[in-house]
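Below is one structure; the comments refer to it alone.
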Amino acid sequence: MKKSITFVIGIMGNGGAERVISVLSNELINRGIEVNILTIYGDRVDYPLNPGINHYAIECKSTLRFLRPIERIYKIRKYLKKIKTDTVVSFLADVNIHTLLATILMNLKVVVSERNDPYNDPSSKLIRNIRDRVYYLSDGFVFQTPDAKAYFPEKIQRKGTIIANPIKDNLPTRWKGERKKEIVCVSRLSPQKNIKMLIDSYYKFEKEYPNYLLKIYGEGPLRTELENYVEELSLTRKVIFCGFKKDIHAEIKESSLFVLSSNYEGISNSMLEALAMGLPVISTNCPIGGSRMFINSYDNGILVPVGDSSALYEAMKNVIKDPELANKLSENATDINNELNPRKVCEKWFSYLESIKRKVI
């Protein structure tokens, strides 16, 4: 019987978890494994998928909001029975809760993947409490960092493994020419990402280096608020909100500096890709430890404290005023390509899922 894996996610939008699913799906189908993707919040797909991958989208028709989770759980169960998969892998806490409740007594192997800081995500304490109880139903867990794994009780930790995100193939190679006078950030415009801190740091930086622009790529609920803040600081011509770009890597490959200013993260895909492309990278040393797993400060990138705009400003200045440092960070950063090669990461996933299938419930 052909092996079958079904990924469950909200939508296949342009987020980090979705990109990981797209990379894994494309790798697994090349191994002859049947791959299904079940999206429970709509049919959006932003990442390229092999045409052999089956995509199913749930549509909820309940007009009453409190009934939608029940309808969603029912339809997840219905689709999984129809698909006849043998392993289910769910991404993101709220989707994990739906999936685990939907698969009770279905004789399926279910693995959930934590993609963020479990101390802070979901933002609702009630949902976090539900997650912490429902997770006992899962057969396995994939965490991104040791710190994320350590949040959970020993019984859950024993079932889990740590697998970092794969880096996609065909990223631009390290730029060796003169770099554009641009500082870039690729991020969802949400409170978690603390873009306001980056703007504050750039406000100080721009007074000394007025020829440098700050370009912010991404969309999110805070865009209008951030644009108004930039206007208040009289930086409208210097801080540019670029929105979502499908060719983002081509857009940023010649930039002088990449900055991640998050208050917390799982592992930022945009940060990993910036390192892989050889951009000098500055990141907050944010929980749940993903940045410090891959950045050795002042060797292949720079770590700064969370929420410290002065430290970020100083780090930005250090890179720009010292071309030798910038070149060192750039050269060393690309070593990550070998460590997070998608085939290597996919092999870790495949081996772990095979070990889960062999366990007796």
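Output the residues belonging to the range 1-56 that are aromatic (Phe, Trp, Tyr) and out of contact with any strand residue (DSSP E or B) (no Cβ under 8 Å at 6 or more places or on another chain).
Filtering the range 1-56 for residues aromatic (Phe, Trp, Tyr) gives 7, 41, 47, 56.
Matches in the range 1-56: 41 only.
For the range 37-48, state whether one or more residues are surrounded by fewer than 21 Cβ atoms within 10 Å (Cβ to Cβ), under 19 Å from the mean Cα position of the chain (by Cα) and β-branched (Val, Ile, Thr).
Step one: filter the range 37-48 for residues surrounded by fewer than 21 Cβ atoms within 10 Å (Cβ to Cβ), giving 41-48.
From what is left, the residues that are under 19 Å from the mean Cα position of the chain (by Cα) are 41, 44-48.
Checking the rest, the ones that are also β-branched (Val, Ile, Thr) come to 45.
Looking through the range 37-48, at least one residue is surrounded by fewer than 21 Cβ atoms within 10 Å (Cβ to Cβ), under 19 Å from the mean Cα position of the chain (by Cα) and β-branched (Val, Ile, Thr).
So how many residues does the range 224-250 have that are closer than 26 Å to residue 295 by Cα and surrounded by 17 or more Cβ atoms within 10 Å (Cβ to Cβ)?
Of the residues in the range 224-250, 2 are closer than 26 Å to residue 295 by Cα and surrounded by 17 or more Cβ atoms within 10 Å (Cβ to Cβ).
Determine whether the range 313-327 contains at least one residue that is within 23 Å of residue 170 (Cα to Cα), open to solvent by 20 Å² or more (accessible area, probe 1.4 Å), out of contact with any Leu (no Cβ under 6 Å at 6 or more places or on another chain) and part of a helix (DSSP H, G or I).
Of the residues in the range 313-327, the ones within 23 Å of residue 170 (Cα to Cα) are 327.
Still in the running and open to solvent by 20 Å² or more (accessible area, probe 1.4 Å): 327.
After this cut, where a residue has to be out of contact with any Leu (no Cβ under 6 Å at 6 or more places or on another chain) as well, the list is 327.
Adding the requirement that they be part of a helix (DSSP H, G or I) leaves 327.
So far as the range 313-327 goes, yes, one or more of its residues are within 23 Å of residue 170 (Cα to Cα), open to solvent by 20 Å² or more (accessible area, probe 1.4 Å), out of contact with any Leu (no Cβ under 6 Å at 6 or more places or on another chain) and part of a helix (DSSP H, G or I).
Give the number of residues within the range 49-85 that are closer than 26 Å to residue 105 by Cα, part of a loop (DSSP other than H, G, I, E, B) and open to solvent by 50 Å² or more (accessible area, probe 1.4 Å). Steps first, answer last, please.
First, pick out the residues of the range 49-85 that are closer than 26 Å to residue 105 by Cα: 54-62, 66-85.
Then keep just the ones that are part of a loop (DSSP other than H, G, I, E, B); that gives 58-62, 84-85.
Now narrow it down to the ones that are open to solvent by 50 Å² or more (accessible area, probe 1.4 Å): 59, 61, 84.
The number of residues fulfilling the criteria is 3.
Just one of 171, 189 is in contact with a Lys or Arg (Cβ under 9 Å, 6 or more places away or on another chain), over 26 Å from residue 355 (Cβ atoms), in contact (Cβ under 8 Å) with a residue 60 or more places away in the chain and assigned to a loop (DSSP other than H, G, I, E, B); which is it?
Working: 189 fails: in contact (Cβ under 8 Å) with a residue 60 or more places away in the chain.
Every option except 171 fails the conditions.
Does residue 198 satisfy being over 19 Å from residue 288 (Cβ atoms) and either in contact with a Cys (Cβ under 9 Å, 6 or more places away or on another chain) or surrounded by 15 or more Cβ atoms within 10 Å (Cβ to Cβ) (or both)? So that I can check it myself, show each step before the final result.
On the way: over 19 Å from residue 288 (Cβ atoms): yes; either in contact with a Cys (Cβ under 9 Å, 6 or more places away or on another chain) or surrounded by 15 or more Cβ atoms within 10 Å (Cβ to Cβ) (or both): yes.
Considered against the rule, which asks whether it is over 19 Å from residue 288 (Cβ atoms) and either in contact with a Cys (Cβ under 9 Å, 6 or more places away or on another chain) or surrounded by 15 or more Cβ atoms within 10 Å (Cβ to Cβ) (or both), residue 198 comes out as yes.
Taking the condition among the acidic types (Asp, Glu), surrounded by fewer than 21 Cβ atoms within 10 Å (Cβ to Cβ) and part of a helix (DSSP H, G or I), does residue 18 pass? Show your work before the answer.
Working: among the acidic types (Asp, Glu): yes; surrounded by fewer than 21 Cβ atoms within 10 Å (Cβ to Cβ): no; part of a helix (DSSP H, G or I): yes.
When the stated conditions are applied, residue 18 does not pass them.
What are the residue pairs meeting all of these: first residue in the range 247-267, first residue farther than 23 Å from residue 199 by Cβ, second residue outside any loop (DSSP other than H, G, I, E, B), Cβ atoms under 6 Å, and 6 or more apart or on different chains?
266/290; 267/290
What residue, of 140, 160, is over 30 Å from residue 249 (Cα atoms), open to solvent by less than 10 Å² (accessible area, probe 1.4 Å) and within 21 Å of the chain's Cα centre (by Cα)? Step through it out loud before you land on a result.
On the way: 160 fails: open to solvent by less than 10 Å² (accessible area, probe 1.4 Å).
It is 140.
Counting just the residues of the range 269-312 that are among the polar types (S, T, N, Q) and either at pLDDT below 95 or outside any loop (DSSP other than H, G, I, E, B) (or both), which one comes out nearest to the chain's Cα centre (by Cα)?
269
Output the residues belonging to the range 103-126 that are of a type outside the set (Ser, Thr, Tyr) and out of contact with any strand residue (DSSP E or B) (no Cβ under 7 Å at 6 or more places or on another chain).
104, 105, 106, 107, 116, 117, 118, 120, 121, 122, 125, 126
The values are calculated or read from the model by the stated rules, or taken from the named source; none is laboratory data. All figures in this text were calculated on a predicted structure; none of them were measured in a lab. Note: ideal-geometry Cβ built from the backbone for every residue, glycine included; neighbour counts use all protein chains shown. All accessible areas refer to the heavy atoms of the entire protein, side chains included, with ligands and DNA or RNA removed. Shrake-Rupley method; radii C 1.70, N 1.55, O 1.52, S 1.80 Å.
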